[in-house]
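Report on the structure given below.
The values are calculated or read from the model by the stated rules, or taken from the named source; none is laboratory data. Quantities reported herein were computed from a predicted structural model and do not represent experimental measurements. As a convention, Cβ positions derive from the backbone with ideal geometry for all residues, glycine included, and neighbour counts pool all protein chains shown. When the accessible area is computed, the model is the full protein with side chains, heavy atoms only, and any ligands, DNA or RNA have been set aside. Shrake-Rupley method; radii C 1.70, N 1.55, O 1.52, S 1.80 Å.
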Amino acid sequence: MAFIQMNIFSDSIGIATPVNIIMPENSKEPPAVLYLLHGLSDDHSMWTRRTSIERYAESRNLAVIMPTTYRGYYTDMENGYNYWTYIAEELPKKLHSMFNISKERDKTFAAGLSMGGYGALKLGLRQPERFKAVAAFSSAADMNVRVAVNEEHIRVFGKELSEENDLFRLAEKLNRETAPKIYMWCGTEDFLLDSNRRFSSHVKDLGLDIIYSESEGGHSWEKWDEQIKKALDWFDTL
């Protein structure tokens, strides 16, 4: 596997921004693609620093894309940068122009933890034509309970959560036949447990294809390392 550290200029956010990539070497066909998203206090480097993602990807012919939107929630901010446009539109186009990676929906996935779990779910729910499946760990899935009372979230989302940033409303708009499959996990001691339970129950009630589980643990890298391995194993079965 090759480990690539690069900076690209983004027209969407008007600044050069870092991306880390794990890329198969000598692949006979374009590798599948996983967009792997970080949490609120992390950056593009954290998945490789705190987990064995490179080792997990090695046997799968899988390219792992690890970008950053800093504390921007993978969102075109109310007062700030257009991180959704960057992560969902501009970055994929740039990567496909530079690397021979798959463009097939059946070989495109997203995953993330906490804020990155929100981002991965939003990618799948807003772009079901692109993503076969998404995985979210300890996800900030229900932003409705945080926006109006948190100044940082107001800067990102505004005083009211728009439909395009509300995972609940996005899920309601999906066609069950064409929606991406969803994998979610949360620890029973995690402060985001109720958020995960509300969203996963909502998705189940809508009849979408979701695997949701809980186990002992909190908001920790030990658990996220376990879960990304399980999610990759699950992706392989689809």
Any idea what the dipole of the chain comes to, in debye rounded to 20, about its Cα centre with Lys/Arg Cβ at +1 and Asp/Glu Cβ at -1? 420 debye
Within the under-13-Å Cβ sphere about residue 188, not counting residue 188, Lys/Arg +1 and Asp/Glu -1 give a net charge of -3
If the cut-off is 22 Å between C-alpha atoms, which lysines fall inside it for residue 204, apart from same-chain ones fewer than 8 positions away? 122, 132, 173, 181, 230
Taking all protein chains as present, what is the carbon and sulfur share of the accessible area of the chain, in % to the nearest whole number, probe 1.4 Å? 43 percent
Keeping all protein chains in place, calculate the accessible area per residue for the chain (probe 1.4 angstrom), answer in Å². 44 Å²
Over the chain: helical MRE at 222 nm, DSSP H runs n ≥ 4 each giving -39500 (n - 2.57), nearest 500: -9000 deg cm²/dmol
Per residue Cα convex hull volume in Å³ - calculated over the range 84-177: 102 Å³
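In Å, what Kirkwood hydrodynamic radius results for the range 148-221 from the alpha-carbon pair distances?
13.9 Å
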When the Kirkwood hydrodynamic radius is evaluated over all pairs of different C-alpha atoms of the range 1-42, what value in angstrom, to one decimal, is obtained? 12.5 Å
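Report the antiparallel proportion of the DSSP beta bridges in the range 21-149 as a percent, rounded to a multiple of 5.
Antiparallel bridges make up about 20 percent of those DSSP assigns within the range 21-149.
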What are the extents of the Cα atoms of the range 1-78 along their three principal axes, in Å, largest first? 42, 26, 17
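With Rg and the Kirkwood Rh both taken from Cα atoms, where does Rg over Rh land for the range 12-130?
Reported Rg/Rh, Kirkwood definition of Rh: 0.94.
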Counting DSSP beta bridges with both partners in the chain, what percentage is antiparallel, nearest 5? 35 percent
Give the long-range amide H neighbours of residue 63: residues separated by 5 or more places, or on another chain, with amide H under 5 Å away, using H modelled in the peptide plane at 1.01 Å from N. 32, 33, 34
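When the Kirkwood radius is taken over all Cα pairs of the chain, what Stokes-Einstein diffusion coefficient follows at 20 °C and 1.002 mPa s, in µm²/s?
The Stokes-Einstein estimate is 121 µm²/s.
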Checking the range 88-138 for GluC sites (Glu not before Pro) in a loop per DSSP with at most 16 other beta-carbon atoms within 10 Å yields 104, 129
Would you please name the trypsin sites (Lys or Arg not before Pro) within the range 59-151 that are DSSP coil residues with at most 13 other C-beta atoms within 10 Å of their C-beta? 103
